[in-house]
Amino acid sequence: MEWVEITEFGKLIAYTTVMYGPAGFEKDTPYTLAVVRFPNRIQILGRISKDVSVDSLQVGMKMRVRTVRTSAGRVLYEFIDAEH
């Protein structure tokens, strides 16, 4: 496994809203998970930012990835609309 910096926009391939989170994420629900494909042939499974309206999501839309730090100190990444 190796770390790869992603600086380009990707395309939303699929998404779903999680209503019942797994252990450790119960308090985060509901949240939306997505698969985004980037030009370098990398596909990432991750969360859609709460800043993005679920109603605005469309398969094929441009997305970008950003890192965030949770209140518990975890570093995660999430997807946002490429226009933001």
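The values are calculated or read from the model by the stated rules, or taken from the named source; none is laboratory data. Model, not experiment: these values are computed from the prediction. Neighbour counts run over all protein chains shown; Cβ positions are idealised from the backbone, glycine included. Accessible surface areas use protein heavy atoms only, side chains included; no ligands, DNA or RNA. Shrake-Rupley method; radii C 1.70, N 1.55, O 1.52, S 1.80 Å.
Here are some notes:
- Subset of region 46-75 (residues that are within 20 Å of residue 24 (Cβ to Cβ) and of a type outside the set (S, T, N, Q)): 46, 47, 48, 50, 68, 69, 72, 73, 74, 75
To keep it simple, each residue is scored yes or no on (1) touching a Phe, Trp or Tyr at 6+ places or on another chain (Cβ under 9 Å); (2) on the phi > 0 side of the Ramachandran plot; (3) assigned to a strand (DSSP E or B).
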{"site": "3", "(1), (2), (3)": "no, no, no"}
{"site": "33", "(1), (2), (3)": "yes, no, yes"}
{"site": "40", "(1), (2), (3)": "no, no, no"}
{"site": "45", "(1), (2), (3)": "no, no, yes"}
{"site": "55", "(1), (2), (3)": "no, no, no"}
{"site": "78", "(1), (2), (3)": "no, no, yes"}
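- Residues of region 57-76 satisfying the condition of being modelled with pLDDT of 90 or more and in contact with a Phe, Trp or Tyr (Cβ under 6 Å, 6 or more places away or on another chain): 57, 62, 63, 64, 65
- Looking at 70, 17, 29, just one residue is touching a Leu at 6+ places or on another chain (Cβ under 9 Å), open to solvent by 30 Å² or more (accessible area, probe 1.4 Å) and farther than 26 Å from residue 4 by Cβ, and that residue is 17.
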